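Here the structure is laid out as structure tokens; the discussion comes afterwards.
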Amino acid sequence: MDNRPILRADDALEIIAFMLNEQQFAVRTTSIREIRGWAPVTPLPHTPPEVVGVMNLRGTVIPIVDLSSKLGMPPVEATERSAIVVTSVKGKTIGMMVDRVSDILTVSAADLQPVPATAGLATTGYAEGIFARDKTMICFLNLDAIFANSDPDNWDSQSAA
């Protein structure tokens, strides 16, 4: 079942744009709790490959996911420009490692174009659409779909095999 709100052409979307492997992606600002600069994380054994580790966020231990890897792209190499976008998905707090946050924008839902059916993100439901901005394309991600089969509570008990 699709829990995404139905978008009308006159809706305005508040989005945060970020870079992954020199490509721009965006998510709704309403799903973001905060944006943090990169800080080292503590790796955990037997976690999925996209989970780079955990960090302490004001007394709460949260998993940090390499969003690039989660999307099937080459893993992100953390640098001083990397950021952790802290989000709440399905009631769970997750940190997403991205190359860098690029912008916070208000865009019209009328500008959201469908993802071509041949694109992998379209078939997974990971993308709600694509925005054209200046000379770039911004893929608008659906975090609920991306993390639909992820359960952070069980990541430390999964087998690495």
What do you reckon, how do 101, 61 stack up by accessible area (1.4 Å probe), largest on top?
61, 101
Provide the per-residue ³J(HN,Hα) series for segment 46-58, in order, calculated from phi with Karplus coefficients 6.51, -1.76, 1.60 and θ = phi - 60°, each as a whole number of Hz, with x at glycine and proline positions.
6, 10, x, x, 7, 8, 7, x, 10, 9, 8, 10, 6
Exactly which GluC sites (Glu not before Pro) in segment 14-97 are in a DSSP loop and have at most 14 other Cβ atoms within 10 Å?
22, 77, 80
So what does log10 I(q)/I(0) come out to for segment 27-70 at q = 0.25, 0.32 Å⁻¹, using the Debye formula with one equal point on every Cα and no solvent?
-1.05, -1.23
Output ³J(HN,Hα) for segment 85-98: one whole-Hz value per residue in order, computed from phi by the Karplus curve 6.51 cos²θ - 1.76 cosθ + 1.60 with θ = phi - 60°, and x for Gly and Pro.
9, 8, 10, 10, 10, 6, x, 10, 8, 9, x, 10, 7, 10
From the C-alpha gyration tensor of segment 1-115, square roots of 5λ in Å:
26, 16, 14
Ignoring ligands and nucleic acids, what accessible area does residue 81 show with a 1.4 Å probe (Å², nearest 10)?
150 Å²
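The values are calculated or read from the model by the stated rules, or taken from the named source; none is laboratory data. Since we're looking at a predicted model, the values are computed, not measured. Ideal geometry is used to build each Cβ from the backbone, glycine not excepted, and the neighbour counts take in all protein chains shown. These accessible areas exclude ligands, DNA and RNA; they are computed on the full protein's heavy atoms, side chains included. Shrake-Rupley method; radii C 1.70, N 1.55, O 1.52, S 1.80 Å.
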